[in-house]
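Heads up, the thing below is written out as structure tokens.
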Amino acid sequence: MEYQTFNESVYFTLAEIMGDLMSELVNTFSQEGASQVEQMQLAFATGDHQALMVAAHTFKSSANTLGVEKLGEYSRQIEQIAIDAMDNPDTLDKTVLGGLLNQEVDEFSIAIQYLQKAVG
């Protein structure tokens, strides 16, 4: 499946439901998302797989709710790697995980631009 950076259908369906609160939701995602990205990077640096899994799971849910699918998919992959590493630390490929975190940071920046443009 190919994931879109920004799924307008998902976003505008939510915007119709949220009305005037959509701008606040996007701002909250921008602020809390930046914090979750930092939490994931810190968890990666310290080897805290549980914290990485929790932050990735939260971020995945928020991203998918807003229609930023590619960001949600990166988070899903990071979450799964963290779960696998909790079960068997020897399976952790730090190069792959580090690369996914870098892609997620880049995609987060792009997603915020799309969301801010959509919210007007």
**Item:** Subset of the range 78-120 [surrounded by 13 or more Cβ atoms within 10 Å (Cβ to Cβ), polar (S, T, N, Q) and either closer than 15 Å to Gln41 by Cβ or touching a Lys or Arg at 6+ places or on another chain (Cβ under 9 Å) (or both)]
**Value:** Gln103
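Results for (1) under 13 Å from the mean Cα position of the chain (by Cα); (2) at pLDDT 95 or above, shown as yes or no for each residue.
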{"residue": "Glu79", "(1), (2)": "yes, yes"}
{"residue": "Asn88", "(1), (2)": "no, no"}
{"residue": "Lys94", "(1), (2)": "no, no"}
{"residue": "Asn102", "(1), (2)": "yes, yes"}
{"residue": "Ile110", "(1), (2)": "yes, no"}
{"residue": "Gln116", "(1), (2)": "no, no"}
**Message:** Quick check on my filter: what residues within the range 32-47 are crowded, with 18+ Cβ neighbours inside 10 Å, over 24 Å from Val10 (Cα atoms) and not hydrophobic (A, V, I, L, M, F, W, C)?
**Reply:** Gln39
**Prompt:** In the range 64-77, what residues are assigned to a helix (DSSP H, G or I), surrounded by 15 or more Cβ atoms within 10 Å (Cβ to Cβ) and not hydrophobic (A, V, I, L, M, F, W, C)?
**Reply:** Asn64, Glu69, Lys70, Gly72, Glu73, Tyr74, Ser75, Arg76, Gln77
**Prompt:** Which residues, taken from the range 69-119, are free of Cβ contacts under 8 Å to residues at least 60 places away in the same chain and more than 22 Å from Asp48 (Cα to Cα)?
**Reply:** Asp106, Ser109, Gln113, Lys117
**Neighbours by Cβ (under 8 Å, 6+ apart or cross-chain): first from the range 46-65, closer than 13 Å to Gln80 by Cα; second modelled with pLDDT of 95 or more and aromatic (Phe, Trp, Tyr)** = Leu52/Phe44
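The values are calculated or read from the model by the stated rules, or taken from the named source; none is laboratory data. Computed from a predicted model, the values in this text were never measured in an experiment. Note that we place each Cβ from the backbone using ideal geometry, even for glycine, and neighbour counts take in every protein chain shown.
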